[in-house]
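Following: one structure in structure tokens, then a few remarks.
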Amino acid sequence: MSQILRALTNKMTGRRKAKPASGVPVKGYKDNRYETKFVDSLDDDDLSRLNALLPWHAFTVDAHGRRFGSTAWEGKRDRPETIPDRRVLLLHERICLSDQHVLEIGCFEGIHTIALSDYAQKVTAIDARIENVVKTIVRCAMFGHHPTVFKYNVEDRPLKVELLQCDVAFHVGVLYHLKDPVEHLLDLASVTKKAVLLDTHYALDDEATEQYEVRGTVFRYKKYREGGCADPFSEVYDHAKWLRLDDIITLLRQVGLGNIDVVETREERNGPRVLLIATKA
């Protein structure tokens, strides 16, 4: 009975039981090959040791078609990652990054960090998990990049604004993992001088059945179960609050990021998702 209840809960919250990836090749990849400055020269044994040193959950492919990193599980990060990600290109097209300081909120394993480092004048990357910080430093170094990377949980208070100040924030896949997303959005203007690229899940109106109060205003949200520290694709808490899209946009405008371009909304397995760019006037 408990197994049935767990299965139903997973279905309701959008979570599936992870299945270990099997048969993912170490080499022989034809697509998404990238010159990887300090990996291309490694022999196969050294690369195997590098891949085994850290708990990788994503991988890139070097110039010889070899896997650098590993997979998460079956159906999750089991294909070579693309560099640069389309959202990095979009941001660079809209806001030329060549003279900008970019803050990456939630760097995971450094794949976006590499692309941002290719385009931006300076990159600071943060993550709430120390293992992601280490993986990002290692991956970026192997590509010949040395961004500033450190452990930071954006929900810690008081916010250390001096560590996070930037021109542009690259904010992908984080907001929908937070237990207090409203307070976080209200903080964005204090660290961001010009713009935010935000890519996040959101709640539909009929899903936002719970509510909480922030600074005297009540916000509706969908409660989404998180896996905590044990799940590399969750935040560190037991649940997250998914805000309604209208409230996300209202909050961004409230803090001065009022020029908002909703690039796209899309339906994904876990629910609706938006990609937008918000800039200051």
Flag for Ile111 being among the β-branched types (Val, Ile, Thr) and buried (at least 19 other Cβ atoms within 10 Å of the Cβ) | yes
Would you call Arg77 more than 12 Å from the chain's Cα centre (by Cα), of a type in the set (Lys, Arg), within 22 Å of Leu175 (Cβ to Cβ) and at pLDDT 95 or above?
-> no
Taking the stretch 114-147 and the residues there that are within 23 Å of Asp40 (Cα to Cα) and touching a Leu at 6+ places or on another chain (Cβ under 6 Å), the one that is surrounded by the fewest Cβ atoms within 10 Å (Cβ to Cβ) would be Tyr119
Among the residues of the stretch 74-116, which ones are among the β-branched types (Val, Ile, Thr) and not in a helix (DSSP H, G or I)?
-> Thr82, Ile83, Ile95, Val102, Ile105
Please state which of the following conditions Asp199 fails to meet, knowing it meets all the rest: (1) surrounded by 15 or more Cβ atoms within 10 Å (Cβ to Cβ); (2) more than 20 Å from Asn132 (Cα to Cα).
-> (2)
Starting from residues that are surrounded by 16 or more Cβ atoms within 10 Å (Cβ to Cβ) and small (Gly, Ala, Ser), keep the ones in the stretch 49-68 and report whichever is nearest to Glu268 (Cα to Cα).
-> Ala58
Just checking, how many residues over the stretch 195-215 are among the hydrophobic types (A, V, I, L, M, F, W, C) and out of contact with any strand residue (DSSP E or B) (no Cβ under 7 Å at 6 or more places or on another chain)?
-> 1
Can you find even one residue in the stretch 69-86 that is within 28 Å of Arg269 (Cβ to Cβ), surrounded by fewer than 23 Cβ atoms within 10 Å (Cβ to Cβ), in contact with an Asp or Glu (Cβ under 6 Å, 6 or more places away or on another chain) and outside the structural domain of Asp261 (by TED's automatic domain parsing)?
-> yes
Which ones in the stretch 58-67 are within 12 Å of Val24 (Cβ to Cβ) and part of a loop (DSSP other than H, G, I, E, B)?
-> Ala58
Can you spot a residue in the stretch 154-161 that is surrounded by fewer than 22 Cβ atoms within 10 Å (Cβ to Cβ) and within 20 Å of Arg244 (Cα to Cα)?
-> yes
Conditions (1) charged (D, E, K, R); (2) in the same structural domain as Gly28 (by TED's automatic domain parsing); (3) in contact (Cβ under 8 Å) with a residue 60 or more places away in the chain -> Lys135 fails only (2)
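The values are calculated or read from the model by the stated rules, or taken from the named source; none is laboratory data. Quantities reported herein were computed from a predicted structural model and do not represent experimental measurements. Don't worry about glycine lacking a Cβ; one is built from the backbone with ideal geometry, like all the others, and counts go over all protein chains shown.
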